[in-house]
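Below: the structure, in C-alpha cells.
Any read-out appearing in this document is the output of simple, stated calculations on the displayed coordinates, not a laboratory observation. Computed from a prediction, not measured in an experiment: that's the story for all the values here. No Cβ is skipped: glycine too gets one built from the backbone with ideal geometry, and neighbour counts run over all protein chains shown.
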Amino acid sequence: MKRSVVQISLGVLVILGVSIGAARAQNAPPSGTEVRTQRVAQLSGPDQLREAGSVIDSISSTRRMVSDLLDRARQERDIIKVNCLNDKLTQIDVTLRSSREHQELLQTAVTINNDGQRNHEFQLMTIFRSRAQGLEGEARACIGEDTGTFDRDTRLTLIVDPNIAQQDTTTLTPDTLLPERPLVTSPVL
C-alpha cells in the first residue's frame, strides 16, 4: 500500500515536471534562430557632441544634394520632379532645424552633466540622421534615380520549363464559358 502511494506521488511529480518543461519550451525561441537585443553604445559627452556634429554635417550635405537636384529639375521645367523634390527639401530643412536645436540641448546636457538627458538627445540625433538618409532616398526616387536596390550588373536569366503546355490558354471559346449542367438526381422535374 505504501509503495503504491509513493509510486503515485512520484508519477504526479514527473508529470508536473514534464508539463512545466513543456510550457517553458513553448516560450523559448526555436533553436537556430538569433535573438537580438538592443544595446546602446555608451559614448562620453564630448564623443556624443562630435558625433552630433557629424550628423548635422551629413544632413547639411543631403540638403545640398537635394537642392542641386531641385535646381536641375527647375531647369528641365519638370513640374512633377520640382514638386516632389521641393517637398523632400522642406522635410530635410525641418530635420536639419530640429537636429540643430537638439544639438544645443545635447551641449547643455553635457555641460550640466545630465547623463539621462544627454543620452536622450543623442538618440534623437541618430534618429534625425536616419530620417535624412530616408529622405535622400525618397528624393532620388523623385527623379527616377536608382535607389540602390539592385546593382547595375544584375542580370536576369529566364528558364522556361519544357513541360509547360504549348497551347494558348489566354483565348476563350464560347464552349469553355458555358457552365456544366448538373446531373438530375430527382425524378421530378
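For Ser186, Ser54, Ser98, what's the fewest-to-most ordering of other Cβ within 10 Å of each Cβ?
Working: Ser186 5, Ser54 11, Ser98 16.
If I rank by nearby Cβ atoms, fewest first, I get Ser186, Ser54, Ser98.
Full extension from Thr185 to Asp47: what is 0.36 nm times the residue separation minus their Cα-Cα distance, to one decimal in nm?
41.1 nm
Using alpha carbons only, what's the Rg to Rh ratio of region 60-155 with Rh from Kirkwood? Please list the in-between numbers first.
On the way: Rg = 17.0 Å, Rh = 15.0 Å.
We get a ratio of 1.14 for region 60-155.
For Ile127 and Ile79, what does the FRET efficiency come to when R0 = 22 Å and r is the distance between their Cβ atoms, rounded to the nearest 0.05? Intermediate values should be presented prior to the final figure.
On the way: r = 32 Å, r/R0 = 1.47.
Here the calculated transfer efficiency is 0.10.
Excluding Glu51 itself, calculate the net charge of residues whose Cβ lies under 14 Å from the Cβ of Glu51, where each Lys or Arg counts +1 and each Asp or Glu counts -1. Intermediate values should be presented prior to the final figure.
On the way: positive: Arg50, Arg118, Arg129; negative: Asp47, Asp57, Glu121.
Once positives and negatives cancel, what remains is 0.
Test of understanding: ordering Ile159, Ile56 by Cβ neighbours within 10 Å, fewest first, what list do you get?
Details: Ile159 5, Ile56 18.
Result, fewest neighbours first: Ile159, Ile56.
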